[in-house]
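Shown next, in structure tokens, is the structure this report addresses.
The values are calculated or read from the model by the stated rules, or taken from the named source; none is laboratory data. Remember, predicted model here, so these are calculated numbers, not experimental data. Cβ sites come from the backbone with ideal geometry, for glycine too, and all protein chains shown count toward neighbours.
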Amino acid sequence: MSKKKHEHRFETACVHAGSHPDALFGGVSVPIYQSSTFAFANAEQGAARFEGRDPGYKYTRLGNPTTAALEACIAELEGGGMGLATASGMAAISTVYMAFLGNGIHIVSTDSVYGPSRTLMEREFGRFGVESSYVDTANLANLKKALKPNTKMVYLETPANPTLAITDIAGAAEIAHKAGAIVVVDNTFCSPMLQRPLDLGADIVLHSMTKFINGHSDVVSGMLVARDQQLFNRLKTVLVQMGGTIDPHQAWLVMRGVKTLGLRMRVAQDNAARLALDLQKHPAVASVCYPGLPSHPQHELAKKQMKGFGAMISFELKGGVEAGRMLMDTVKLSTLAVSLGGVESLIQHPASMTHASMGAEARRAAGITDGLVRFSPGCEAYEDLRDDMIAALDAIDRRFADKDAKVAGV
Ligand SMILES: *Cc1c(COP(=O)(O)O)cnc(C)c1O
């Protein structure tokens with residue numbers, strides 16, 4: 001829980017944090033305790049476990065050794081705090097909402113958050129009297145203005161999805177704490193390698209581990225990391241009762257994935273940085289959004305707040321939605337699929353896919369244009385990724401140039 005625990009460099013911690021040879025046979029990989037329940041030696045021990053006098057395991061929804069290893073690992077990567085693994089990123093998000101909000105309580109959130117984080121709040125929690133405001137938190141004046149006497153939570157996603165707008169976490173935490181609100185940060189896009197919100201003053205960090213942390217597009221899972229015991233206890237109480245706990249096999253797979261997080265993130269980030277530059281030069285591309293480009297509106301803040309510019313790019317084609325659709329249908333190496341942060345490159349169209357549920361008006365207000373394409377480079381060799389993308393863009397350029405020529409009557 002203390003800073004002292006974070007003794008090693010990031011890549012080292014990815015490999016070792018939470019792992020120890022198994023006590024029974026010395027297995028180097030954490031065993032999968034695929035058991036729903038745990039036998040007590042006698043009635044006294046069972047009672048002691050339920051009273052908390054004996055820390056042993058009772059029932060997997062309440063805790064499991066494989067899951068505990070993963071929780072210790074991610075908490076250490078986030079620089080301290082206490083981890084709580086969940087069945088999905090959305091299970092982490094719904095647990096945070098459920099734990100700290102209620103009738104008559106107000107939350108302020110980044111406007112271009114992951115689509116379901118917003119629709120869950122507005123449509124479901126709204127039914128129970130939770131009030132919510134969505135603002136562009138990249139400008140802290142908007143956050144300040146949105147606070148009310150009943151605001152109890154500031155919910156940030158930075159870089160945001162899919163606009164990659166960046167919020168000053170330390171600045172937002174200062175404002176929120178003065179107003180008596182806790183700060184929750186969805187750190188999925190950065191992973192703890194590039195950004196550690198607890199160090200910047202956040203109270204709770206959450207992840208969709210489905211993305212970079214697991215990194216192999218084969219598991220859905222999530223994680224909550226709380227700054228202190230009190231916040232952790234509240235989250236755990238709600239999670240085990242709502243039932244969104246992770247399965248031990250799922251936890252083991254993520255444990256396997258996280259060992260290469262440092263390596264994967266480095267390669268994917270390098271691919272993103274190089275592709276951002278090459279896309280910028282292409283005649284079919286209208287604009288490229290990547291925090292590493294000096295043209296990004298919060299480029300200076302990204303330099304200060306993040307240890308790298310990340311591995312997500314969004315861009316807009318001159319031919320708008322139609323050209324974007326053609327791109328997704330033309331690329332061969334990159335897969336047309338939602339999700340991100342896996343070893344394979346994924347491309348998708350937020351307005352008709354991940355952010356379709358929030359509605360056209362909210363999308364417009366959050367800066368999610370109809371022509372925006374979101375790209376998550378994987379760990380392929382850069383040259384292959386580039387050749388595939390450029391070939392598709394060249395085809396689009398020819399097609400749209402022909403069309404323009406016909407319209408002009410040439
Ligand atoms: C995918 C994602 C989520 C939701 O996670 P699931 O694992 O799909 O439930 C939340 N936030 C962000 C930023 C995401 O990309």
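Here are the numbers for the structure shown:
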| quantity | calculated |
| --- | --- |
| Scope the range 101-123; condition away from the ligand (no atom under 15 Å from the Cβ), farther than 18 Å from Ala173 by Cα and not aliphatic (A, V, I, L, M); matching residues | Gly102, Asn103, Gly104, Glu122, Arg123 |
| Residues of the range 279-314 satisfying the condition of being part of a helix (DSSP H, G or I) and surrounded by 18 or more Cβ atoms within 10 Å (Cβ to Cβ) | Leu279, Leu301, Ala302, Gln305 |
| Strands (runs of 3 or more DSSP E) wholly inside the range 126-228 containing at least 2 residues that are away from the ligand (no atom under 15 Å from the Cβ) and modelled with pLDDT of 95 or more | 131-135, 151-157, 182-186 |
| Count - residues of the range 199-218 that are more than 19 Å from Ser94 (Cα to Cα) and either basic (Lys, Arg) or surrounded by fewer than 24 Cβ atoms within 10 Å (Cβ to Cβ) (or both) | 6 |
| Residue ID - surrounded by the most Cβ atoms within 10 Å (Cβ to Cβ), chosen from residues in the range 352-370 that are more than 16 Å from the ligand (Cβ to nearest atom) and of a type in the set (A, V, I, L, M, F, W, C) | Ala362 |
| Flag if Gly79 is within 21 Å of the chain's Cα centre (by Cα), within 16 Å of the ligand (Cβ to nearest atom), over 25 Å from Val338 (Cβ atoms) and not in a helix (DSSP H, G or I) | no |
